[in-house]
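Notes for the one structure printed next.
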Amino acid sequence: MSAPFDMDALPEPLRHGLLLGGVGRVHLAGLAQAALADPVQVRLGLDLLLAAWEAAPLDGALAGTILGLDSRVRFVPPPLRPCIEALARRWRPARQEEDRLAALAGARRHDKLLAWLLDGLRGRPDNLFWRRHALDLALFLGDRQAQDQALDGPWPPELEPVQTRLAGDVAFQRGDFDQAACLYARSLALRPGAERLARCLWTGGKHERATELWRGALARAPWNVNLLLCVHDALSGLDRPAAPLEDVTVCLYSFNNARELDATLAALLAGPLDGVRVLALDNGSTDHTGQVLEAWTGRAPQALEAIRLPVNVGAPAARNWLLEHPKVREAAYVAFLDDDAIPPASWRGLFGQAVRAQPRAGVWGCKVADQACPARIQHADINPVAGAAGQA
């Protein structure tokens, strides 16, 4: 029996990195590199490197690195070795193609980049460089047609677990959790398959089986703090709304963003307004923002107060202006909201759950997702990281 994983026994930089997060190819690969530099942490480093590949299982460059290490220290599970070998053989990017990929991505020319990648996939389907980047971008954009094109066509038979896992990711992004569960159940050799199967089953009310899968997933990746926290919140009910908070003042400011502001206020003021006050500051707008605020003030005069500034004082000053308002100073809780955000109907209950979970905190945050593609996270949290000596 192996010893329990002890996060506190790790060197400080590695421990801090794992506490910041246990997901993401780039993050995990960086942690793996740090761990492999320490003879005591080599096994952990190899496991983190494998997890980095599992996070992006069409990354042929990473597959080649893993095979090089595996030839010296066997650590790749036997069911995955043929898969990684087949991927490395079929990964043939040219320097010119990598440069163009970087240039188009850096310029954020997503439509042109996607068309180029799909064209490359059609012309050279045996080179997994094209499939990997086409599918990554299609998932990022939430482009269903492009996702189907990137998944379509012949795959090397050794990559069946990867193909099935990625098809599960597509179904999961589309909200088809039953289909995603069927696909993830066929790709359990990759750890994310088991984790996401558990999430699908939990969403479908199959809590006992989901809990069993989560326990197994944590045993296979005890360093994955993201998974640990997700399981904790699900089992304790912290991922569901509690009783709505009372005495909340919502603050937002806007400049020449009338259409989005109107949609934000519509969502914010659609639910019960008992115990909620809204302060909306027009930061010197020259469009129809004033008319939008006037209309909503007429519909909800007890809940909404509009403040008009003759000039744009900037975002920091607008926040400070709102913070000095008597209703803010008197409120038990203050919620700042962007003028283009659509809060869910359960936002007060979710806010209340966060407060009850961490009553000693002074600030609570939330996940911000893209409205057009909810699977794309725009903001989750902020973790200050100390730089090396001499860095700002």
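The values are calculated or read from the model by the stated rules, or taken from the named source; none is laboratory data. What you see is a predicted model, and the numbers here were worked out from it, not measured in a lab. Please note: Cβ atoms are built from the backbone with ideal geometry, for glycine as well, and neighbour counts cover all protein chains shown.
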_Verdict on Asp282 being surrounded by 15 or more Cβ atoms within 10 Å (Cβ to Cβ), farther than 30 Å from His232 by Cα and in contact with a Lys or Arg (Cβ under 6 Å, 6 or more places away or on another chain)_ = yes
*State yes or no: is Val248 buried (at least 21 other Cβ atoms within 10 Å of the Cβ), more than 24 Å from Leu28 (Cβ to Cβ) and in contact with a helix residue (DSSP H, G or I) (Cβ under 8 Å, 6 or more places away or on another chain)?*
no
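Each row is one residue, and each column tells you yes or no for (1) farther than 22 Å from Leu218 by Cα; (2) basic (Lys, Arg).
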site: Pro11; (1), (2): no, no
site: Arg15; (1), (2): no, yes
site: Leu20; (1), (2): no, no
site: Ala63; (1), (2): yes, no
site: Leu87; (1), (2): yes, no
site: Arg90; (1), (2): yes, yes
site: Ala102; (1), (2): yes, no
*What number goes with the only condition from (1) in a helix (DSSP H, G or I); (2) charged (D, E, K, R); (3) under 23 Å from Leu117 (Cα atoms); (4) in contact (Cβ under 8 Å) with a residue 12 or more places away in the chain that Arg92 does not pass?*
(1)
*Mind listing whichever residues of the range 200-219 are within 20 Å of Ala171 (Cβ to Cβ), free of Cβ contacts under 8 Å to residues at least 12 places away in the same chain and in contact with a helix residue (DSSP H, G or I) (Cβ under 9 Å, 6 or more places away or on another chain)?*
Lys206, Arg209
*asked:* Cβ-Cβ under 8 Å, sequence separation 6+ or interchain: first residue in the range 223-245 and within 15 Å of Asp381 (Cβ to Cβ), partner β-branched (Val, Ile, Thr) and surrounded by fewer than 18 Cβ atoms within 10 Å (Cβ to Cβ). Which pairs?
replied: Asn226/Val23
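Being under 30 Å from Asp287 (Cβ atoms) and either of a type in the set (Gly, Ala, Ser) or part of a strand (DSSP E or B) (or both) is the requirement here; does Ala243 meet it?
Details: under 30 Å from Asp287 (Cβ atoms): no; either of a type in the set (Gly, Ala, Ser) or part of a strand (DSSP E or B) (or both): yes.
Answer is no for this residue.
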*Is it true that some residue in the range 251-264 is in a strand (DSSP E or B), in contact with a Lys or Arg (Cβ under 9 Å, 6 or more places away or on another chain), polar (S, T, N, Q) and modelled with pLDDT of 95 or more?*
no
*Find all pairs meeting these conditions: Cβ atoms under 6 angstrom apart; at least six residues apart or on different chains; first residue within the range 155-169 and in contact (Cβ under 8 Å) with a residue 40 or more places away in the chain and among the basic types (Lys, Arg); second residue buried (at least 20 other Cβ atoms within 10 Å of the Cβ) and in a helix (DSSP H, G or I).*
Arg165/Gly193
*Any idea which of Leu183, Leu227, Leu261, Leu269 is under 24 Å from Pro374 (Cβ atoms) and surrounded by fewer than 18 Cβ atoms within 10 Å (Cβ to Cβ)?*
Leu269
_Pairs with Cβ under 7 Å, 6+ apart, first in the range 49-68 and touching a residue at least 60 places away in the same chain (Cβ under 8 Å), second β-branched (Val, Ile, Thr) and crowded, with 23+ Cβ neighbours inside 10 Å_ = Pro57/Val162; Leu58/Val162
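Of all residues being of a type in the set (Val, Ile, Thr) and not in a helix (DSSP H, G or I) in the range 25-77, which is farthest from Arg196 (Cα to Cα)? Just the residue, please.
As a first pass, look at the range 25-77 and keep what is of a type in the set (Val, Ile, Thr): 26, 40, 42, 65-66, 73, 76.
Imposing the further condition that a residue be not in a helix (DSSP H, G or I) reduces the set to 73, 76.
Working: Val73: 29, Val76: 21 Å.
Only one residue tops the list, namely Val73.
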*Hits in the range 287-343 - residues which are touching a residue at least 40 places away in the same chain (Cβ under 8 Å) and out of contact with any strand residue (DSSP E or B) (no Cβ under 9 Å at 6 or more places or on another chain)*: Ile342
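Kindly evaluate Gly45 against the criterion of being out of contact with any Asp or Glu (no Cβ under 6 Å at 6 or more places or on another chain), exposed (fewer than 14 other Cβ atoms within 10 Å of the Cβ) and either over 23 Å from Trp130 (Cβ atoms) or not hydroxyl-bearing (Ser, Thr, Tyr) (or both). If you could, list the steps in order and put the result at the bottom.
Values: out of contact with any Asp or Glu (no Cβ under 6 Å at 6 or more places or on another chain): yes; exposed (fewer than 14 other Cβ atoms within 10 Å of the Cβ): no; either over 23 Å from Trp130 (Cβ atoms) or not hydroxyl-bearing (Ser, Thr, Tyr) (or both): yes.
So Gly45 does not fit the description; no.
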*Restricting attention to the range 198-224, which residues are part of a loop (DSSP other than H, G, I, E, B) and either on the phi < 0 side of the Ramachandran plot or buried (at least 16 other Cβ atoms within 10 Å of the Cβ) (or both)?*
Gly204, Lys206, Ala221, Pro222, Trp223, Asn224
*asked:* Need the failing condition index for Ala56 against (1) within 20 Å of Ala217 (Cα to Cα); (2) out of contact with any helix residue (DSSP H, G or I) (no Cβ under 7 Å at 6 or more places or on another chain), just the number.
replied: (2)
*Which residues, counting only those in the range 345-369, are touching a residue at least 40 places away in the same chain (Cβ under 8 Å) and either under 19 Å from Leu279 (Cα atoms) or among the acidic types (Asp, Glu) (or both)?*
Ala345, Arg348, Phe351
